[in-house]
Structure formats: structure tokens, C-alpha cells
Amino acid sequence: MPCSKGPVVRSKVLIAAALLSILLLYACGDGSQRQHVAETTTGGNVIRGARMIQYYGCGSCHSIPGISGASGLTGPPLSGVASRIYIAGVLRNTPENMMRWIENPKAVDEKTVMPNLGVTHADATDIAGYLYTLQ
């Protein structure tokens, strides 16, 4: 009697293998691949995100790879932020949560020292796009 779960198991294995391949390409790929994946994931524009990080002065509190003058020590360094499990220790690291945090950190954690800078949703989307290139 053949096992009826065979095709389901094979499908799950193929899906898992495809996801693993995408993650490996993303992690090992060049900057353009990371940029493409980050933009696809967040809907943001990485180039505009870098400009908005400078515009809002994020580098005065955070050190941020690839952003000129972003060497702040008040907030955590943002290198590798895309690989972290949590944002600010309280939110699962998803693009939606990243944008939510950037737009209004006090709405997420009223005790945070991160100020509400009045970041628009469009700018938060682009900033998240840039941050998701930081593996």
C-alpha cells in the first residue's frame, strides 16, 4: 500500500530547499542581489533609504554601515540588523514591524529612548529597505 503523504513531504522538502537556496544567495550574494531582495521584501528603495537615514540623522545615535558619518554610540549598531530575530528587543523582525518601529518607536515601547522623528510611512519603507541590506 503506497504512502499517500509522499507527494506532500516531497513538496515541503522542495519548498524548504528553495527557501534555503534563496537565503544562501542573499547572504552570500553581492550588494546588488542584497539590494534587490531587500527592496522586494520591504517595498522600499534602498538608495532613497540611505538618503533618508542621513536626512533624519539616524547616524547621530547609531553606527550604520555604508552611511557616511553614521557612527553614533547612543543606540545599538545597526550592522547585521536584517539578521536579528527582534527589533528593539520587543518586536519580531519583519519588514512591517521595522517600519512601525521607525515611524513611531514610542507607540511600540513607551520607555524607549529612541525619539519619534516624524518619519513618514514612505520614508520608513525606504529606510527599512536599506536596513534589510545589512546582514
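The values are calculated or read from the model by the stated rules, or taken from the named source; none is laboratory data. Being a predicted model, the structure only gives us computed values, none of them experimental. With ideal geometry, Cβ positions are generated from the backbone for all residues, glycine too; neighbour counts draw on all protein chains shown.
Just one of the numbered conditions (1) surrounded by 13 or more Cβ atoms within 10 Å (Cβ to Cβ); (2) within 18 Å of residue 44 (Cβ to Cβ) is not true of residue 114; which one?
(2)
Which pairs have Cβ atoms under 6 Å, sit 6 or more apart or on different chains, and link a residue in the stretch 97-115 that is closer than 14 Å to residue 75 by Cβ and of a type in the set (A, V, I, L, M) to one that is crowded, with 16+ Cβ neighbours inside 10 Å and at pLDDT below 95?
Taking only residues 6 or more apart or on different chains, not a single pair turns up.
Check residue 84 against each of (1) out of contact with any His (no Cβ under 9 Å at 6 or more places or on another chain); (2) of a type in the set (D, E, K, R); (3) crowded, with 19+ Cβ neighbours inside 10 Å and name the one condition it does not meet.
(3)
Mind listing whichever residues of the stretch 57-89 are in contact (Cβ under 8 Å) with a residue 60 or more places away in the chain, part of a loop (DSSP other than H, G, I, E, B) and closer than 18 Å to residue 104 by Cβ?
Passing the criteria: only 57.
Which one is modelled with the highest pLDDT among residues in the stretch 24-62 that are small (Gly, Ala, Ser), surrounded by fewer than 17 Cβ atoms within 10 Å (Cβ to Cβ) and at negative phi?
My answer is 60.
I need the full set of residues from the stretch 116-135 which are over 16 Å from residue 63 (Cα atoms) and either free of Cβ contacts under 8 Å to residues at least 40 places away in the same chain or outside any loop (DSSP other than H, G, I, E, B) (or both), in order please. Quick ask: steps written out before the conclusion?
At the first step, the residues of the stretch 116-135 found to be over 16 Å from residue 63 (Cα atoms) are 116-126, 129.
Hits for the stretch 116-135 are 116, 118, 120, 121, 122, 123, 124, 125, 126, 129.
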